[in-house]
Amino acid sequence: MFNFVRTLVAMRKSLFALLLLMTLPALGQHEYPVDAFRPPLDIPLVLAGTFGELRSNHFHSGLDIKTQQREGLPVYAIGEGTVSRIKISHWGYGKVLYLAHPNGYTSVYAHLQKFSPAIEAYIKKIQYQKQSYEVEVFPDYGELRVEKGEVIAFSGNSGSSSGPHLHFEIRNSISERPTNPLLYGLEVRDATSPSIVEVYAYPLGPDAQANRSKSKIALNFTRQADGTYLADKLHAAGTIGFGVDVYDRQDLAANRNGVFSVRQLVNGTVYSDLDFKDFSFAETRYINTLIDYEHYGKYNKRIQRLFRAPGNRLNIYNTLQNDGKIDIAEGLTYNVELEVRDFAGNTTLLRIPVEGKREPLDEPARDPRTDTYVIASKPNNYDLGVAKVYFPANTFYEDFYIRLEKGQDTVTIHDNSVPAHRNFTLTFDASGYTPEQRRQLFIARLDERLRPSYSSTYKRGATLTTRTRYLGTYTLATDSVAPQVWARNFKENQWLTNYRYLRLHISDDLSGIDHYSARINGEWILMEYEPKSNTLTYNFDDKIADKTQCQLEVVVTDNVGNSTTFSSSFYRK
Ligand SMILES: [Zn+2]
């Protein structure tokens, strides 16, 4: 059944693509219609995030447009089109709308507060049919048609959003590649050049060194009279590379956003050049090979490496000479230039003079060896007593010495200095627990301060299994406390005639909320769940509660199956 539905969806999508192909003039890869679209908001566009910005496990696929710290701003269709997808989820994009345009592009509007009345009615009907707040639908072509400039939604803060804003994308409808929305002529004021926070030199070859070091080193640099930057002379030998921590500020906001392009020249020759016009979702996670992941794990700062590191399969380079690596010969000098550019063309230039010179090392290279060497291209299995860990082939980008430790109900699988591209499997043996105890067990990941967080746990007999992409410490934890549920804006037996909303608090102390359902007089009602504020909200406009005396029953269940039933009655006329 499930496969059948998936096939239908796939068929509909390819039919849709075919229709577009037939009705469209051929689109050049780098021709973007500059005057086709209007802005999605009618306030000046101020950005809290740019396209291609470096994020966790992905490049940012759109613009984050600030909404003046408010929700509820009208969101406009940037062009005529038809709604091709609506999704509502607790995390991720929250409430999101996809609009397919006849010129071959699809615009995406995310973290919405709500949709326009027509679209809201359409999606609520489906939510009531499926008895679920979380839904995803692909309306038929032309079923929900909108005009350019029509209000399609209202901006919000739903899903994984940390403040009110509109996440806005323009994708190629056929390839689904996200493209930089600024390519379409949207205006964002920017007269500020990018900033370079830090620059690092990386000794890469086995006999490479930079400033008496075999590990990466930070370079000092100063601003020159002409506005460019100059680094102190670097002494190096062997194969080296560079990395930069950069950001860009636009006008009217202090947000540190991503830059548009970074170019590296050696003696006038381009060694690496990448920019963010577009990319593919298939490659976005390889950002973990672009940044210095170990540095990121330690300091939570992203250094963009200007050379191609092992496992890097990114296709975002315009030019890549010698993988961006520079072979330094003793006795020669090199002029390395880094050009960092924003979309508006403001450029920051940094020059690094390099002299080929081998020097005594300040300290020997640190020894990374442990008992276990992981060959990334092979599957690897390890038995750690209380738990077994299985890494499928190509879980990792490169071979490395892994640190594995075992304790009482706890295993440590290296640390957050190494990224995993795929999920690996961790299976705990819980045969030391009674079946009753096992019911409340789950696998938790411990953060640096040893606070547990639920890792999606699958139970079978006496084993608990989780699939995860995060290296670190995992333990068996017990959740014996059911979720907490209480009324936020009403009391037992209260008259709620003039109320527009019914609000409840729901939370769980340890494993987290898994699911909930709510009924009035036995009839399922849609309650919107906002996990960031632990709130369930029912909108009386849904008109289920039309009896005078209403009996509300809400059941909330946590991730190990503990559940709480909340009951209350109220009156309305
Ligand atoms: Zn965003």
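The values are calculated or read from the model by the stated rules, or taken from the named source; none is laboratory data. Owing to the predicted nature of the structure, the values given are computational and were not obtained by experimental measurement. Every residue, glycine as well, gets a Cβ built from its backbone with ideal geometry; the counts of neighbours run over all protein chains shown.
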Which listed residue, of ARG438, ARG422, is out of contact with any Leu (no Cβ under 7 Å at 6 or more places or on another chain) and either in a loop (DSSP other than H, G, I, E, B) or within 28 Å of TYR293 (Cβ to Cβ) (or both): ARG422
- line: Requiring at least 3 residues that are β-branched (Val, Ile, Thr) and more than 30 Å from TYR105 (Cβ to Cβ), the strands (runs of 3 or more DSSP E) wholly within the stretch 184-268 are 195-203, 234-247
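Which is among the aliphatic types (A, V, I, L, M), more than 30 Å from LYS87 (Cβ to Cβ) and at pLDDT 95 or above, of LEU144, LEU219?
Details: LEU144 fails: more than 30 Å from LYS87 (Cβ to Cβ).
So the residue among LEU144, LEU219 that is among the aliphatic types (A, V, I, L, M), more than 30 Å from LYS87 (Cβ to Cβ) and at pLDDT 95 or above is LEU219.
Scan the stretch 288-306 for residues that are crowded, with 18+ Cβ neighbours inside 10 Å and farther than 23 Å from LEU320 by Cα and report the count. Break it down into steps so the answer makes sense when it comes.
Within the stretch 288-306, the first condition is being crowded, with 18+ Cβ neighbours inside 10 Å, and the residues that meet it are 288-293, 295-296, 302-306.
The next check asks that each one be farther than 23 Å from LEU320 by Cα; those that pass are 295-296.
So the count comes out to 2.
State yes or no: is THR465 under 18 Å from ASP383 (Cα atoms) and out of contact with any helix residue (DSSP H, G or I) (no Cβ under 7 Å at 6 or more places or on another chain)?
On the way: under 18 Å from ASP383 (Cα atoms): yes; out of contact with any helix residue (DSSP H, G or I) (no Cβ under 7 Å at 6 or more places or on another chain): yes.
When the stated conditions are applied, THR465 passes them.
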statement: Note on the stretch 55-72: residues part of a loop (DSSP other than H, G, I, E, B) and either surrounded by fewer than 22 Cβ atoms within 10 Å (Cβ to Cβ) or within 11 Å of the ligand (Cβ to nearest atom) (or both) are SER56, ASN57, HIS60, SER61, GLY62, GLN68, GLN69, ARG70, GLU71, GLY72
- request: Would you tally the residues in the stretch 123-158 being under 14 Å from ARG70 (Cα atoms) and either away from the ligand (no atom under 16 Å from the Cβ) or outside any strand (DSSP E or B) (or both)?
  value: 3
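Can you tell me how many residues within the stretch 74-118 are in contact with a His (Cβ under 6 Å, 6 or more places away or on another chain) and either away from the ligand (no atom under 16 Å from the Cβ) or not hydrophobic (A, V, I, L, M, F, W, C) (or both)? It would help to see each step written out before you state the result.
Initially, the stretch 74-118 is screened for residues in contact with a His (Cβ under 6 Å, 6 or more places away or on another chain), giving 79, 81, 94, 110-111.
The next check asks that each one be either away from the ligand (no atom under 16 Å from the Cβ) or not hydrophobic (A, V, I, L, M, F, W, C) (or both); those that pass are 79, 81, 94, 111.
Result for the stretch 74-118: 4.
I'm trying to understand the selection: among the residues of the stretch 342-400, which are among the basic types (Lys, Arg) and more than 32 Å from the chain's Cα centre (by Cα)? It would help to see each step written out before you state the result.
The initial filter retains those residues of the stretch 342-400 that are among the basic types (Lys, Arg), namely 351, 357-358, 366, 369, 378, 388.
ARG351, LYS357, ARG358, ARG366, ARG369 - these are the residues of the stretch 342-400 that are among the basic types (Lys, Arg) and more than 32 Å from the chain's Cα centre (by Cα).
Considering only the stretch 502-511, how many residues are under 26 Å from the mean Cα position of the chain (by Cα) and surrounded by fewer than 17 Cβ atoms within 10 Å (Cβ to Cβ)?
Looking only at the stretch 502-511, we keep the residues that are under 26 Å from the mean Cα position of the chain (by Cα), and these are 506-511.
Next cut, surrounded by fewer than 17 Cβ atoms within 10 Å (Cβ to Cβ) only: 507, 509.
Adding up the residues that qualify gives 2.
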message: Just the residues that are within 22 Å of GLY297 (Cβ to Cβ) and buried (at least 18 other Cβ atoms within 10 Å of the Cβ), please, taken from the stretch 445-467.
response: ARG445, PRO452, TYR454, SER455, THR466
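Tell me the residue from SER175, SER161 that is surrounded by fewer than 23 Cβ atoms within 10 Å (Cβ to Cβ) and either more than 22 Å from the chain's Cα centre (by Cα) or away from the ligand (no atom under 16 Å from the Cβ) (or both), please. Even if it seems obvious, please write down each step before you answer.
Numbers: SER161 fails: either more than 22 Å from the chain's Cα centre (by Cα) or away from the ligand (no atom under 16 Å from the Cβ) (or both).
After applying the criteria, what remains is SER175.
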- prompt: If you go through the stretch 45-54 one residue at a time, do you hit one that is closer than 18 Å to GLU176 by Cα, buried (at least 18 other Cβ atoms within 10 Å of the Cβ) and at pLDDT 95 or above?
  reply: yes
statement: So, first residue more than 17 Å from ASP245 (Cβ to Cβ) in the stretch 214-232, second residue assigned to a loop (DSSP other than H, G, I, E, B), Cβ within less than 6 Å, six or more apart or across chains; the pairs are LYS214/ALA365; LEU230/GLN224; ASP232/ASN220
